[in-house]
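To start, the structure under review is shown below, and the notes come after it.
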Amino acid sequence: MKSLYPLHPYLRRHRWSIAAGILFVMAANVMSPVVPVIVGEAVNLAEHQHIGSGGLLDFATLAICVSGISACFLFLMRRVLIDASREVEYEFRNDFFAKLQRLDPTFFDSNNTGDLMSRATNDMDALRMLIGPAVMYSANTLMSLPMRLIWMFALDWKLTAVSIIPLLALPPLVRHLGARTHTLSRFQQDSFGDLTTVVQENLAGIRVVKAYRQEGHEERKFLDRNDDYITKSLDLARVQAIFFPIIRFVVGTGYAVLLTYGGIQVINNQLEIGTLLSFFILFSMLVWPLVAAGWVVNLIQRGIASLDRINAIMVWKPAVVDAPAFSSGAPKSLDIEFRDLTFKYDGTTTPQLANINLTVPEGRTLGIIGPVGSGKSTLIHLLGRLYPVERGMVWVGGRDINDWPINELRMFVSFVFQETFLFSDTIEWNIRFGATAEAPEEKILDAARRAQVAGDIEQFPNKYKTVLGERGVNLSGGQKQRVSIARAIARDARILVLDDSLSAVDTHTEEAILRNLRDVMKGRTTFLISHRISTVSLADEIIVLQEGRITQRGTHEQLVAAPGLYQELYRRQQTEAEIEQLDTPVVGGAPA
Amino acid sequence: MSKAAEIREQRYERFREEDREALVKKGDFSQMRRLLRYLRPRRRQVATAIALSLVIAILTPAPMVIVKFAIDNFIQHHKIDGLVFSAIALIVSQLIIFFLDRRSQYLIAEIGQFTMRDLRLEVFNHIQSQSLRFFDRNPVGRLITRITSDVNVLNEMFAQGVVGIFQQIFSLFVILCVLLWFNWQLTLWVMLVLPVIAIASWNFRNNVFVSYRLTRVRLSRLNTFMQENITGMRTVQANGRESSQFETFDHLNASHRDAHIQTVFQYALFFPIVEVVTTVGMGIVLYKGGMHYVSAGAAAAVTVGQLALFIQALEKFFQPIKDLSEKYNVVQSAIAASERLFALLDSKPNLIDPPKPQEVKPFGNSIQFKDVWFAYNPGEWVLRGVSFTVQKGQTIAVVGPTGSGKTTLMSLLCRFYDIQKGEILVDGIDIREMRISDLRSKIAIVMQDVFLFFGTVVENIRLGNCEITDERVQHVAQQTGFADFVERFPKRYDTGVRERGATLSTGQKQLLSFTRALAFDPEILILDEATANIDTESEERLQQAVATLCAGRTSIVIAHRLSTIQNADRIIVIHHGHLIEEGTHEELLARDGMYRKLYELQYKEGLAV
Ligand SMILES: Nc1ncnc2c1ncn2[C@@H]1O[C@H](COP(=O)(O)OP(=O)(O)OP(=O)(O)O)[C@@H](O)[C@H]1O
Ligand SMILES: Nc1ncnc2c1ncn2[C@@H]1O[C@H](COP(=O)(O)OP(=O)(O)OP(=O)(O)O)[C@@H](O)[C@H]1O
Ligand SMILES: [Mg+2]
Ligand SMILES: [Mg+2]
């Protein structure tokens, strides 16, 4: 079974437990068919009056002892095998999570959280059933069937051979139903993934849903997904509903054959009645392992369908390939260079960045300004190796960015993304998130102060221990943005990237933050993206991006003097202020 | 202890607290009745399924009885034709069981699926109808676990549990009758083992219940954590925090595993015990039955056929007991899950339509805030006695430092939260006396945090509102300037939008949600920092769009850039939850207060560059 291959390393790690478990299964199964034989023998002796009550008691005790020993093995079997399956589930979950951590934004852009969650929960459950119960019961079946058959053959091979003929119908039946189960389970689980996605989207966007009164629409979407899921589930149920009854029926037919043929033999005095009794018991002992076999096939098929789904993630090749660690330490300088950079996202036709040539020596500040969708964020995302770039286009410290180990590179960069993300933990924890684990308290407080959020935090009853809601819902827009600036400052990295990071704060606060940042920026390479001339003007060099190309570059003074978008923006933002100024004569005292 | 370890400890301590809560609570079995109520719409199917299982239960001992007759009446008396006849009877009985069984299993699956859908829908709608207060507290991951995982656990109980339990009890009963019928003395002897089984089952289920609840609490925590990390993966990666996040995940994962392993132990112990007890019963049959045989010879009251029947029936007798305990567990884990579901369903939405809502006419007059006091958490006032009026057709600007309560003000107008003191009136009617949907249908809001749905561009603009035609969408997009971008997308308006609009630039997302608001053609337009990430040129275009598309409409604009609000009819300034200034631009500048300070700063900035 090739599709089970991904499980190989896990099973290998637990091979001793599994081996021990199988050993216990074997032991239990060697024991259990002995009981009916003992019973049959006792009945035979009793039938011929060859036994006293003491003898019967001995037989009964023997049977109980044997089953007691077999029960001990059953106990051990369950413990060892099911524990191992939980262990494997645990490892698998960890690996799944670790894998997600290694995947890049390209992956998350194209996979829905809801679907990933359904893989991590629903499919993981099915997978655990595959590893635990399926392994246990199939070991059990594989061991008990032959053991019981051997006893039967030993008692009377002809009778056995005849009565198991109907059972030969089982393997093709099970194979057919198993294949159907596999396909249908896959459909069902995919459908569940879709259902989860609808729920996830609805909950994450609940504010929009409510504001635009989309509850009814959302409910319909959800109902549609539910109906689809029900259809898929019932398709599967139809197949599963045949599974056990058919096995029972086939075994029942064998039972009838046994009765006829065995009965005739007893009538012809070729078989003792007690032996026939043993046969009946042994034969009914075949039912359970066979039904279990059917169940196992079921579990395995469902499990494999889920394994496929999980494995699709596990084998996903990150678009950004990590490089081996540096042999001789990181480079001394961290000059950044873009050489003729052209970049295109997957699934788009025109490049989002074209012919970017740019050098930012370490310690300098680069301002980036440009209209919506011009590629500003894209440019700085490439710097963090969030998306893959061709070789030779982006250089950090004189080294192609593709040769940088991702972790080492990111250690040097401190991002404030355009869209903030905070975790549902304390504010302190969130600020510390950027810093090394051992960063002293003062550093966190200092970062909060510089980001001008300390004042807000001090006003919360729990101060820095205030626990945030998901994504920081209990903060205002500006507070969120400032906490994430504080996080970046606390990180204290050599490159600082601020992507439109003051968009949600008022001018007063903005001014104060910029003043503080000037300090922070000293000696650090800084990328400053903004729509405001006043912000980018702080930079040593400014580029204007338009439709993915650099259309202008220079210092603020140079750009203001040259005709172009920058000058135009400057005028506009300036006139806005002037219009306001003209409106009223009171502002005369404004400091220049 | 290092700082990092200390912080980690604090985190884990919060988890342990939740665990303890899960452990002290007693299982509440009155939940069962409530659960069963969900079967009511499907009572016909349930009745059929139960009837089917009754028939199956009656037929189950048939093969054994047939074999008994065959042995005693035909084999012992050398009657081959009778033997063949019983074999045929055996096959026929099995065939009947086959059909009934198949039907009943499918029926059971059907009942389960449909009941689950009802429940899921109820939970979904209930969650949807909660106020934002609820969503502030409950992470998405946890709620997803409720709607998916927890409901799925209930499925097992609806499907196999209820009908299964009936079937087991029936077959237990039928087999007992058969045994008593054929030999009541022997049966009574065998019953001696029952107390042992009873004690074992009792212990089993008690021990298992606690671990079930623990498992569910921990699973939901694990999922919440994973969900949050998936959504924030970029932040984790950019900060190089993969390993420490992984450590926490590992901790959660391991504790979930441990809770499970406790249940495994209980299972491992219980089943072999039943196995041994079955054999003890068999030993009793052998000894007692055999004794009869030995002492009385051929005239014995106990026949070989009876022995065969008893020994096989014993297996079948203990099987339901084993199953019942397992079913009982299904029920228990269902109760553990339903406790959490019902707790959720019982949490009344604290924001509901009034019993007798006022009829609402088109917006005609004014919005009034009268001495509005509001706190997210009791005692921590965010708004303190804010009063102002917006006349129809006016544009009002709300300014103030960050965190002063501007967004909150708008959330209150949309009635996302209820205020504690004062009142908000629309056309003189308190908004708490209107239907919530009537109120919200007047308003379109562009929120500070943009949210886009997985789907297409056009779906995101019109959402579920089919009255918005493609032409209107395109027209509005043209006006807002969003159309320029759409033209460049591969499939234009049908281009896919990823989760949260991951493949759009932030400004584009803002333009899209602006377009959405205008497409809805609202009577009242609220813009909360709607142009924060948009360049000056596009912003001017947006203002044009608002001017043409919403001419004569009422709008409330929150902005930090004073340039954005220069056209406002009136400006109100919020500071620390107080309304501190109100008036036109000129009036406010003349007053030399907060507004002027903010304004001067921006003006100075303009000169400084
Ligand atoms: N859901 C919430 N739960 C608890 N507190 C909240 C919640 N939302 C906001 N707050 C608090 O209420 C106060 C006002 O927040 P609000 O979002 O109204 O500010 P704002 O004026 O919009 O600020 P900004 O300009 O930064 O967006 C803040 O101190 C914030 O921390
Ligand atoms: N993950 C992605 N996949 C595909 N296309 C993308 C992706 N991210 C951005 N784009 C597209 O690339 C272009 C540039 O986007 P980018 O985010 O760099 O713009 P920006 O200059 O930062 O704009 P804004 O000022 O709005 O933040 C846009 O047209 C956008 O639609
Ligand atoms: Mg951007
Ligand atoms: Mg706000």
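When region B:431-448 is examined, which residues are found to be within 24 Å of the chain's Cα centre (by Cα) and buried (at least 19 other Cβ atoms within 10 Å of the Cβ)?
Result: B:Ile436, single match.
List the number of the failed condition for B:Gly496; all other conditions in (1) under 24 Å from A:Ser476 (Cβ atoms); (2) surrounded by fewer than 23 Cβ atoms within 10 Å (Cβ to Cβ); (3) within 11 Å of another protein chain (Cβ to nearest Cβ); (4) more than 16 Å from ligand 1 (Cβ to nearest atom) hold.
(1)
Could you tell me whether region A:413-422 includes any residue that is crowded, with 16+ Cβ neighbours inside 10 Å and either without any contact (Cβ under 8 Å) to a residue 24 or more places away in the chain or of a type in the set (D, E, K, R) (or both)?
yes
Would you pick out the residues in region A:213-231 that are buried (at least 21 other Cβ atoms within 10 Å of the Cβ) and more than 7 Å from chain B (Cβ to nearest Cβ)?
Passing the criteria: only A:Tyr229.
For B:Thr515, are the conditions met, namely being away from every other protein chain (no Cβ under 11 Å) and more than 23 Å from B:Gln394 (Cβ to Cβ)?
In short, yes.
What about A:Glu458, is it within 25 Å of B:Asn377 (Cα to Cα) and away from ligand 3 (no atom under 16 Å from the Cβ)?
Against the criterion (within 25 Å of B:Asn377 (Cα to Cα) and away from ligand 3 (no atom under 16 Å from the Cβ)), A:Glu458 qualifies.
Go over the candidates A:Pro171, A:Pro105 one by one and state the one that is at the interface with chain B (Cβ under 9 Å from one of its Cβ atoms) and either touching a residue at least 60 places away in the same chain (Cβ under 8 Å) or of a type outside the set (Ser, Thr, Tyr) (or both).
The conditions single out A:Pro105.
Out of curiosity, is B:Ser244 within 14 Å of chain A (Cβ to nearest Cβ), touching a residue at least 24 places away in the same chain (Cβ under 8 Å) and of a type in the set (Gly, Ala, Ser)?
It is true that B:Ser244 is within 14 Å of chain A (Cβ to nearest Cβ), touching a residue at least 24 places away in the same chain (Cβ under 8 Å) and of a type in the set (Gly, Ala, Ser).
Need the failing condition index for B:Gly501 against (1) within 31 Å of the chain's Cα centre (by Cα); (2) within 16 Å of ligand 3 (Cβ to nearest atom); (3) within 8 Å of chain A (Cβ to nearest Cβ), just the number.
It fails just one condition, (3).
Can you tell me which residues in region B:394-425 are more than 10 Å from ligand 4 (Cβ to nearest atom) and under 21 Å from A:Val473 (Cβ atoms)?
B:Pro401, B:Leu412, B:Leu413, B:Cys414, B:Arg415, B:Phe416, B:Tyr417, B:Asp418, B:Ile419, B:Gln420
Could you identify the single residue in B:Val486, B:Val497, B:Val557 that is in contact (Cβ under 8 Å) with a residue 24 or more places away in the chain and away from ligand 2 (no atom under 16 Å from the Cβ)?
From the options B:Val486, B:Val497, B:Val557, the qualifying one is B:Val557.
Yes or no, residue by residue, for (1) under 30 Å from B:Asn567 (Cβ atoms); (2) surrounded by 20 or more Cβ atoms within 10 Å (Cβ to Cβ); (3) more than 10 Å from chain B (Cβ to nearest Cβ):
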residue: A:Ile533; (1), (2), (3): yes, yes, no
residue: A:Val536; (1), (2), (3): yes, yes, no
residue: A:Ala539; (1), (2), (3): no, yes, yes
residue: A:Ala561; (1), (2), (3): no, no, yes
residue: A:Arg572; (1), (2), (3): yes, no, no
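Note down all Cβ pairs under 7 Å where the first residue falls in region A:225-248 and is in contact (Cβ under 8 Å) with a residue 24 or more places away in the chain and over 28 Å from B:Val92 (Cα atoms), the second is of a type in the set (Gly, Ala, Ser) and crowded, with 18+ Cβ neighbours inside 10 Å, and they're at least six residues apart or on different chains.
A:Asp228/A:Ser191; A:Tyr229/A:Ser191; A:Lys232/A:Ser191
With the condition being within 31 Å of the chain's Cα centre (by Cα), I'd like the helices (runs of 4 or more DSSP H) fully within region A:117-178 carrying at least 2 qualifying residues.
Answer list for region A:117-178: A:124-129, A:135-155.
If I filter region A:558-567 for residues that are at pLDDT 85 or above, touching an Asp or Glu at 6+ places or on another chain (Cβ under 6 Å) and not assigned by TED's automatic domain parsing to the domain that holds A:Ala448, do I get at least one hit?
No, region A:558-567 contains no residue that is at pLDDT 85 or above, touching an Asp or Glu at 6+ places or on another chain (Cβ under 6 Å) and not assigned by TED's automatic domain parsing to the domain that holds A:Ala448.
Take the residues of region A:490-512 that are more than 22 Å from A:Thr378 (Cα to Cα) and either at pLDDT 90 or above or of a type in the set (Asp, Glu) (or both): which is farthest from ligand 2 (Cβ to nearest atom)?
A:Asp492
Working only within region B:260-272, note down all residues that are β-branched (Val, Ile, Thr) and more than 7 Å from chain A (Cβ to nearest Cβ).
Within region B:260-272, B:Thr263 is the sole residue that qualifies.
Mind listing whichever residues of region A:535-558 are under 17 Å from A:Gln574 (Cβ atoms) and within 16 Å of ligand 2 (Cβ to nearest atom)?
A:Thr535, A:Val536, A:Ile542, A:Val544, listed by residue number.
The values are calculated or read from the model by the stated rules, or taken from the named source; none is laboratory data. Keep in mind it's a predicted model, so treat the numbers as computed, not measured. Cβ atoms come from the backbone with ideal geometry, glycine included; neighbour counts cover every protein chain shown.
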